[in-house]
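The values are calculated or read from the model by the stated rules, or taken from the named source; none is laboratory data. As the structure is a computational prediction, the values presented were derived from the model and not from experiment. No Cβ is skipped: glycine too gets one built from the backbone with ideal geometry, and neighbour counts run over all protein chains shown.
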């Protein structure tokens, strides 16, 4: 079980954080003055989620965080999307590294101050430079993989295979359906996450994220063959029907400056 820690460098945090309840799930990130470290655009996102017991994944969270729950359940997510226009702050798009496909496995966290976030267990992409930089500087578990996305009108196919000895893979095919709509309560819990928790340099950090509110379309699952979730969690959830399946055309994203919480 991940433990809580004393203190925070977030000036908006409560004076006594140890028993703070999770903050509400807002549709939009409140504006702040934390500046930006990265800017990027996410496109053709497919969110696949399974409900799991908090006890089954509690050991995978960094110190100072714990599983966030809704109606007694937490969730593991498989999220597939296109990364576009990656840049440092207000600089130009990074050459040879600003465009790639990414597949991540993630959990949902809350810290002692009640800040809700995401914990990434793995992030697979087909650009080596972001993998090296994200691992070495920010402690994010990026993995080098072959990854592609093909779109056939309203059908989207993602395929990824990690490079290396074990080479887990994932293949997803969905049909996008219906009109744009706002998220319901469960979908907001899973996607209105305005920060991430990560462990680097012996500390747990919270990294704020800003983008416009989500809008979604429903998606029908045509094919799912996944080994990434099991490789990251040890759970065999991908063989069961997802609790939630969503599609978004995308959002423009800004990452603020991370600050230590533990």
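Things to note:
- Taking (1) farther than 24 Å from residue 248 by Cβ; (2) at pLDDT below 95; (3) part of a strand (DSSP E or B) in turn, residue 113 satisfies each apart from (3).
- Number of positions in the stretch 217-236 that are surrounded by 20 or more Cβ atoms within 10 Å (Cβ to Cβ) and assigned to a strand (DSSP E or B): 2
- Which listed residue, of 140, 123, 107, is assigned to a loop (DSSP other than H, G, I, E, B) and either closer than 18 Å to residue 79 by Cα or modelled with pLDDT of 95 or more (or both): 140
- Positions within the stretch 85-98 being within 15 Å of residue 134 (Cα to Cα) and assigned to a loop (DSSP other than H, G, I, E, B), in sequence order: 94, 97, 98
- Enumeration of residues in the stretch 125-161 that are under 24 Å from residue 66 (Cα atoms), in contact (Cβ under 8 Å) with a residue 24 or more places away in the chain and touching a helix residue (DSSP H, G or I) at 6+ places or on another chain (Cβ under 7 Å): 140
- Test: residue in the stretch 66-77 that is over 14 Å from the mean Cα position of the chain (by Cα), at pLDDT 95 or above, over 19 Å from residue 188 (Cβ atoms) and assigned to a strand (DSSP E or B): yes
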